[in-house]
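Right, one structure below, let's go through it.
FYI, it's all coordinate maths here, none of it is from the lab. Computed from a predicted model, the values in this text were never measured in an experiment. Cβ atoms come from the backbone with ideal geometry, glycine included; neighbour counts cover every protein chain shown.
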């Protein structure tokens with residue numbers, strides 16, 4: 001069986017699907033590993049490192065796709081490149097199938113078995129495969145550094161001969177993996193941190209990191225999906241949320257937003273009216289920029305200044321820490337492959353909850369219950 005890894009070509013993407021260490025583990029399982037020339041260069045994994053691990057370096061990208069039994073990637077290859085794969089080949093990467101129904105149709109037509117790294121269920125047995133959590137943790141960390149770099153103030157309280165400087169105030173909206181990492185990083189940098197999430201269950205986690213949890217009385221008692229994500233709120237609850245968030249946003253020096261709803265545009269949390277009430281020099285870092293943004297004024301991939309407030313809409317933040325992001329992603333990938341490949345053959349056992357939910361298409365059919373529903 002040939003496991004092939006292409007060089008990522010999408011703009012802003014600097015990660016690689018597997019590291020030399022993971023390549024060596026696959027080769028120990030008597031699998032053949034092909035790596036496209038310079039695939040790991042942007043994350044500082046050199047061709048020489050892969051050769052030392054026993055992998056074959058392939059310069060011809062088309063030949064790499066044509067020869068692959070299993071193609072491992074970070075981003076989904078183009079439709080043209082998917083056409084190079086043989087029928088019944090297997091693709092493992094981020095697919096975002098809910099947002100890309102045309103891609104699902106293409107995969108079905110080509111007879112490709114496709115597994116989405118973004119579709120791994122959030123259950124305890126799948127934690128070591130959960131690439132979304134791995135990448136979200138990196139994004140939360142990096143967002144805090146971006147905020148610190150763009151704020152014209154100290155984060156911590158500073159006592160100097162010229163007087164005492166009060167600490168900056170940070171507000172984190174959304175306390176999932178990215179939000180919790182942002183809380184921890186802002187606290188380590190010395191800021192006073194508040195956090196809000198529609199799921200009251202995360203209050204204890206927020207407070208355990210030294211932040212204050214902002215509470216909003218909501219109509220809904222159940223605000224969390226089975227997969228651990230926030231549910232969309234009723235109109236009345238959204239208005240209550242907006243009022244409370246407004247009061248906290250205008251007092252904050254830094255706002256980091258992380259709220260996402262799977263398969264839907266990012267919920268609007270910070271309106272232009274809220275931005276107008278913020279102090280000059282304040283900074284918003286919107287981690288939901290690629291999905292429409294949690295801030296009404298966010299522009300993906302840009303920094304805009306409105307009323308002297310910087311609104312930063314970063315794209316693909318994990319790729320900015322490409323070495324460690326690749327390291328974590330490769331380990332997530334390896335753990336999934338340990339489940340998928342048994343004794344050198346592919347084992348699509350749909351009695352297994354992980355494989356059922358992660359497999360988007362197989363044998364020309366949609367498998368994923370999430371996509372079917």
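Rounded to two decimals, what is Rg over Rh for region 151-315 when you use alpha-carbon atoms and the Kirkwood radius?
Radius of gyration over Kirkwood radius for region 151-315 works out to 0.96.
For the chain, compute Rh as the Kirkwood radius over C-alpha pairs and then the Stokes-Einstein diffusion coefficient at 4 °C and 1.567 mPa s; write the answer in µm²/s, rounded to an integer.
Translational diffusion coefficient: 59 µm²/s.
Rg(Cα) of region 240-323 divided by 2.2 N^0.38 Å?
Output field value: 1.06.
Could you tell me the center-to-center distance, by alpha carbons, between region 249-294 and region 336-368 in angstrom?
Result: 38 Å between the Cα centres.
Just the projected area, averaged over all directions, of the convex hull on the alpha carbon atoms of region 65-144: how many nm²?
With the hull built on Cα positions only, its mean projection is 6.3 nm².
Taking only DSSP H segments of four or more residues, each worth -39500 (n - 2.57), what value at 222 nm results for the chain once the sum is divided by all its residues, to the nearest 500 deg cm²/dmol?
Mean residue ellipticity at 222 nm (helix-derived): -9500 deg cm²/dmol.
Calculate, in nm to one decimal, what residue 365 and residue 238 gain on full extension: separation in residues at 0.36 nm each, minus their alpha carbon distance.
Stretched fully, the residue 365-residue 238 segment lengthens by 41.9 nm.
Once both labels are modelled 7 Å past Cα along the beta-carbon direction, what's the residue 353-residue 2 spacing in nm?
The answer from the label model is 3.8 nm.
As an exercise, use a Förster radius of 51 Å and the Cβ-Cβ distance of residue 276 and residue 38 to find the FRET efficiency, rounded to the nearest 0.05.
0.60
Pairing the Cα long axis of helix 177-188 with the longest principal axis of the chain, what angle in degrees results, from 0 to 90 and rounded to the nearest 10?
50 degrees
With labels modelled as points extended 7 Å from the Cα through the Cβ direction, what inter-label distance (nm, one decimal) is found for residue 80 paired with residue 66?
1.6 nm
Based on the Cβ-Cβ distance from residue 207 to residue 46, what FRET efficiency comes out when R0 is 41 Å, to the nearest 0.05?
The pair residue 207/residue 46 has a calculated efficiency of 0.40.
For residue 29 paired with residue 215, estimate the spin-label separation in nm (one decimal), with each label point 7 Å from Cα along the Cα-to-Cβ line.
In this crude label model, residue 29 to residue 215 measures out at 4.8 nm.
Measure nothing but the geometry: give the 0 to 90° angle between the long axis through the Cα atoms of 101-110 and the longest principal axis through the Cα atoms of the chain, rounded to 10°.
10 degrees
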